[in-house]
Structures are given as C-alpha cells and as structure tokens.
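Just so it is clear, none of the values below were taken in a lab; they were calculated from the coordinates. The structure presented is a predicted model; accordingly, all values stated were derived computationally and were not measured. In this analysis, Cβ positions are derived from the backbone assuming ideal geometry, glycine residues included, and neighbour counts consider all displayed protein chains.
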Amino acid sequence: MSKLYYSREEMQRLNTEKLQERGVSINDIAIIAYNQQYRYNKDIKMEDCVESVQKILSLRDIFHLVQLGAEIDRLVEEKAFKGPIQDIIASDLGVFGIDEIFGLDIARLYGAIGQTNFGDIDVNKPGIVAKLNEEGKAASAKCHTFLDDIVGAIAAAASTRVAQIWSEDEAAKLNKE
Ligand code: MG
C-alpha cells in the first residue's frame, strides 16, 4: 500500500527538500517576505519570516501544490509531456496562466492582502523569483514556470502572516496598558 498521508513535520521536510532540489532555500523565500514587510514596518524580524515560511510549507494544500508544481517543471525539463502543452510550459508562455493559479491559490490562504502581496512579487520579481524566471526563460534546459509563482506566493503568504502576528502582538501590548 502506498503512503498517502503525511504529518505536518514530514510535509515541511519534503517541501524543503523539493525546493532545495530545484535550487530554492527557505532563506531565499524568507528574505523576499522580509523585504516586502520592511517597507511598511521597520520592526519586522527575519527569524519571524523564516518561521512563517516553515509553517506555510507544513500545510497540506501547500504540500500538494509545491510537490505537483515542482514535478511539472521537472517533467517539462525531461520533455515528458506529449502534445502542445510541453512547448507551452517550456517557453513559459505569458498567456498560459495556470502557474499563476497555483500562486493565487497559495496566496489566497492569507486573504486579499496575501493576494495583493503576491501580485506585487509577481510583477516586481525580487531575489530568487527573478533568478528562477531568468533561468527558466534562458536557452538552458531549465523550466521554472510553476516554481517561480509557487515561491513568490509562499513569500507573499509568509509576509502577510508576519504582519498578522505583529498586529496580534501590538494588540496584546495595548491591552496590557
Ligand atoms: Mg510562472
């Protein structure tokens, strides 16, 4: 019988390994979340961004999206798809949009703010997102069509989560006064 159910610790570990295999570290994602929130709040801490990325990577919905998206990219690199979809994904066609659906679904976990934060990262392509995008678009055999959106959306979700935690802490302080 094949294994279908994974604990949160297992999902976090498997996601971290999968991202690493594809050239992305937790820190690469956390730094995007940090820089995004730092624009609004100078009290943001990098360790909270790292912790948020790790938490998000342990969620079942995210597990399925990361694992599937990374495998699609890998299979495209191996030219394993038949028909027009192979070239459409390999060329990272601008009007394809299914990769953005993966990103939006991840960002949606953190509501409207999560989605607008994803939009910001999708347009401005900070750090590792730009690297993946360029590597995927270059004449190399690399494909990051799904991964760049997944990584950008996890960063957006982490950034939003950090802002929510900060708001909770502020409320707790005010309630003590
Ligand atoms: Mg993409």
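Which residue pairs have Cβ atoms closer than 7 Å, lie 6 or more positions apart in sequence or on different chains, and pair a first residue in the range 125-139 that is at negative phi and near the ligand (Cβ under 10 Å from one of its atoms) with a second residue that is in a helix (DSSP H, G or I) and of a type outside the set (A, V, I, L, M)?
Qualifying pairs under 7 Å: VAL129/ASP148; VAL129/GLY152; LEU132/ASP148; ASN133/ASP148; GLY136/ASP148.
Got at least one residue in the range 37-47 being more than 20 Å from ASP120 (Cβ to Cβ) and either polar (S, T, N, Q) or not in a loop (DSSP other than H, G, I, E, B) (or both)?
Checked against the condition, which is being more than 20 Å from ASP120 (Cβ to Cβ) and either polar (S, T, N, Q) or not in a loop (DSSP other than H, G, I, E, B) (or both), the range 37-47 yields at least one hit.
The conditions are (1) surrounded by fewer than 16 Cβ atoms within 10 Å (Cβ to Cβ); (2) touching an Asp or Glu at 6+ places or on another chain (Cβ under 8 Å); (3) within 16 Å of GLU21 (Cβ to Cβ), and ASP148 fails exactly one of them. Which is it?
Checking ASP148 against (1) surrounded by fewer than 16 Cβ atoms within 10 Å (Cβ to Cβ); (2) touching an Asp or Glu at 6+ places or on another chain (Cβ under 8 Å); (3) within 16 Å of GLU21 (Cβ to Cβ), the one that fails is (1).
Could you count how many residues in the range 87-114 are more than 16 Å from the ligand (Cβ to nearest atom) and either touching a residue at least 12 places away in the same chain (Cβ under 8 Å) or within 23 Å of ALA138 (Cα to Cα) (or both)?
5
Does PHE63 satisfy the criteria of being over 20 Å from GLY119 (Cβ atoms) and aromatic (Phe, Trp, Tyr)?
yes
Given the structure, is ALA153 within 14 Å of the ligand (Cβ to nearest atom) and closer than 30 Å to LYS45 by Cα?
Taking the combined requirement at face value, the residue satisfies it.
Farther than 19 Å from SER25 by Cβ and of a type in the set (D, E, K, R), is that true of LYS131?
Criteria not met by LYS131.
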